[in-house]
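Read through the structure below, which is laid out as structure tokens, and then see the notes.
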Amino acid sequence: MTSTELARAARSHPLAILPLGCTEQHASHLPVDADTYQVERLVRDGARLARERHAVEAVVLPTLPYGPAAEHFGFAGTISVPSELYVGLVKHVLMSALDSGFDRLAVVRGCTGHWVVPGALWDLKAEARRASRMVTIHDLTMETDYRELTKKHLPAAGGGHAGAMETSLLLAGRPELVDADAIVAPTLRSFPERYVDAGEVFLFDEATSTGALGDPSAASAKIGDVLWSDLIGRFADRLKIVAEQDRALGRM
């Protein structure tokens, strides 16, 4: 879209969505931009479906391909942005969208490691209010959907970083970038005991032999197609809910 088109679009108060990707190791079988690809496809296809299914309008901003990924230190291909820098980056991108006339903003986190994002959004909301600028901000995470769909479609394999869920999504969408010969189950080093139960902060090379936290061997393109359909449909329906809530509050 051009500058003129964006200014015109902003006057109808659509939701401006910023997909947050990252570039980090995904074991030896998936490309390092797996999270960026997944969130970008989810948001673009979901926004398109929301318009077709629910007459809900959204403007999708370019995806940020880098984020905090320090936990993947030790595996090649990880490009990590320090959390303190990333907070400022996300806030300035969204503030620029606000400057362009969009007063309904949202982010979609494509990586569970973006722990600093919610705090950045709360800060931005308060800073905008102090400047007498009204803005509605949504933090749209898909973690619950991923867990539910993993349990539904891959109950034995489970989820986990670079596991059967992500591998299936990539096999369905970008099979040429999946190294099938490198798909192996990782050896996890006391992961539940140390990092889940005891809350130890970890680096991935301390916890897993391959960089994955789940077994990708049950993945398939067929399952991936079903997962994509379910995820995109759920996201489109969520955009409808967001629009209904904002409209009820007089923000559209």
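What follows is calculated from the coordinates using simple rules that are stated; it is not laboratory data. Keep in mind that this is a model prediction, so the values were computed, not measured. Don't worry about glycine lacking a Cβ; one is built from the backbone with ideal geometry, like all the others, and counts go over all protein chains shown.
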Heads up, region 3-248 by the C-alpha gyration tensor (a ≥ b ≥ c square roots of eigenvalues; a/c under 1.5 rounded, else a/b over b/c prolate, else oblate) looks prolate
Report, ordered by chain and residue number, the aspartates and glutamates lying within cross-link reach of Lys91, taken as a straight Cα distance under 20 Å and ignoring same-chain residues fewer than 8 apart.
Glu40, Asp99, Asp103, Asp123, Glu127, Asp139
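List the trypsin sites (Lys or Arg not before Pro) in region 11-70 that DSSP assigns to loop (not H, G, I, E or B) and whose Cβ has at most 11 other Cβ atoms within 10 Å. Which are they? It would help to have the intermediate numbers written out before the result.
Details: sites: Arg11, Arg41, Arg44, Arg48, Arg51, Arg53; in loops: Arg11.
Filter output for region 11-70: Arg11.
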Region 39-100: chymotrypsin sites (Phe, Trp or Tyr not before Pro) in DSSP coil with no more than 14 other Cβ atoms inside 10 Å
Phe73
With the dipole of region 68-204 defined by +1 on each Lys or Arg Cβ and -1 on each Asp or Glu Cβ, the option from Gly113, Leu124, Val135 whose Cα lies farthest towards the positive pole is Val135
Need one number: % antiparallel among DSSP beta bridges in the chain, to the nearest 5.
15 percent
How large is the charge dipole for the chain, taken about the Cα centre, if only the Cβ atoms of Lys, Arg (+1) and Asp, Glu (-1) carry charge, to the nearest 20 debye?
1180 debye
Treating cross-link reach as a plain straight distance, find the lysines whose alpha-carbon is under 17 Å from the alpha-carbon of Lys152, omitting any fewer than eight places away in the same chain.
Lys222
Which aspartates and glutamates have a Cα lying under 13 Å from the Cα of Lys240, excluding residues fewer than 8 positions away in the same chain?
Glu52, Glu57
Chymotrypsin sites (Phe, Trp or Tyr not before Pro) in region 195-252 lying in a DSSP loop, each with at most 16 other Cβ atoms within 10 Å of its Cβ, come to Phe202
Kindly state, to the nearest 0.05, the FRET efficiency for Glu143 paired with Ala185, given R0 = 25 Å and r defined as their beta-carbon distance.
0.60
Give me the percent of DSSP beta bridges within region 2-96 that run antiparallel, rounded to the nearest 5.
25 percent
Rounded, prolate or oblate for region 54-160? Axes are the square roots of the Cα gyration tensor eigenvalues, ordered a ≥ b ≥ c, and the cut-off for rounded is a/c under 1.5.
oblate
Between Thr112 and Lys151, what is the spin-label point distance in nm, taking each point 7 Å from the Cα along the Cα→C-beta axis?
1.4 nm
